[in-house]
Structure formats: structure tokens, C-alpha cells
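**Student:** Dropping the structure in here first, questions after.
The values are calculated or read from the model by the stated rules, or taken from the named source; none is laboratory data. None of these values were measured; they are calculated from a predicted model. Note: ideal-geometry Cβ built from the backbone for every residue, glycine included; neighbour counts use all protein chains shown.
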Amino acid sequence: MTEYNARNNETAAVAFAQLADRYGGHPAGKVARYFLGKAYLANEQYEQALEAFEGYLNTAGEDPEFGVAATVGMALAYEGLEDFGAAAKLLEQLSQTMDPEDPRYVEVVFLAARNFEKTNSRETAIELYTIVNDTATGELKDRAAVWIAILE
């Protein structure tokens, strides 16, 4: 964790990979797989990030501690690979499983809208930005309003 907190993502990735391999079935190994995904994402190693986040979600069980964050991490990896359709679909599915009262909900919807916009799915993007505009506060609400105006 020291290397990760110090933003030494390459060294952190090696350490997390070792932990995940050694303690794969143990909770520490599962969490290491999540942080391995974050380290790969920070290093712009998007394929490896996808693999690590998927590995975390596949081993974490019914209620993964970092489930939302790992799914968002996967979407960001898809963005990095310029697969905006996959990112949009993943984020939209995630938003449909979330409680709208969850503070992360509007951020997930905003990210989904951004990715739909990048796939030229203008109507869907506007619908999602409108949800953000209607429910968010502050900067995120303002950004959604700007995108609605641009896309309309």
C-alpha cells in the first residue's frame, strides 16, 4: 500500500499481483486484485486493468466491498481502450442496480452519459445528463447542464 499511496504504480502493481497470486482466495488477495486494477489503470495498462477488476468481481462473492468502484474502473479501462460502447453499457447497467440515493449514483450516470455521447447516442446521453442535472448539485450539475445545451 505504501507504494500505491506514494503513486509508484508500477511497483505497487507488482506487489499487488504477488499478493493476489499468493492469497487469491483470502480476503486480502481479493482486495489486492482490486488495487492491482487501480494500479494498472493509473499506468494506462487498460487490458491488465480490465483483467484485474474482472478477477476481483469474480472472486469477491455476492456483495463485493469495492464492487461499484471495480465496475467503474472497468468502464474507465474501456474508455482508455476507446471502447466507449462497452463503457457506456457497463455504466448504464451499474446505474440501474444502484440506489439513486447512493452518493456515487450521479457520478456513474454522468460517466455513462459521457460514454453514450462519445458513441453518438445523443438521445441517451441527453436523458442521462438530464438525470444528473435533476439530481446532482454543484459542479456535476453544472457540467450536465452544459452538455445538455451542447447536445440539444
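**Student:** Please work out if Asn43 is of a type in the set (S, T, N, Q) and surrounded by fewer than 17 Cβ atoms within 10 Å (Cβ to Cβ).
**Tutor:** yes
**Student:** Would you check if Ile150 is touching a residue at least 24 places away in the same chain (Cβ under 8 Å) and more than 17 Å from the chain's Cα centre (by Cα)?
**Tutor:** So Ile150 does not fit the description; no.
**Student:** Could you tell me whether any residue of segment 46-62 is closer than 22 Å to Ile150 by Cβ and among the hydrophobic types (A, V, I, L, M, F, W, C)? So that I can check it myself, show each step before the final result.
**Tutor:** Residues of segment 46-62 that are closer than 22 Å to Ile150 by Cβ, as a first pass: none.
No, the conditions are met nowhere in segment 46-62.
**Student:** Can you tell me which residue within segment 58-72, out of those that are under 11 Å from Val31 (Cα atoms) and surrounded by 20 or more Cβ atoms within 10 Å (Cβ to Cβ), is modelled with the highest pLDDT?
**Tutor:** Here the answer is Ala70.
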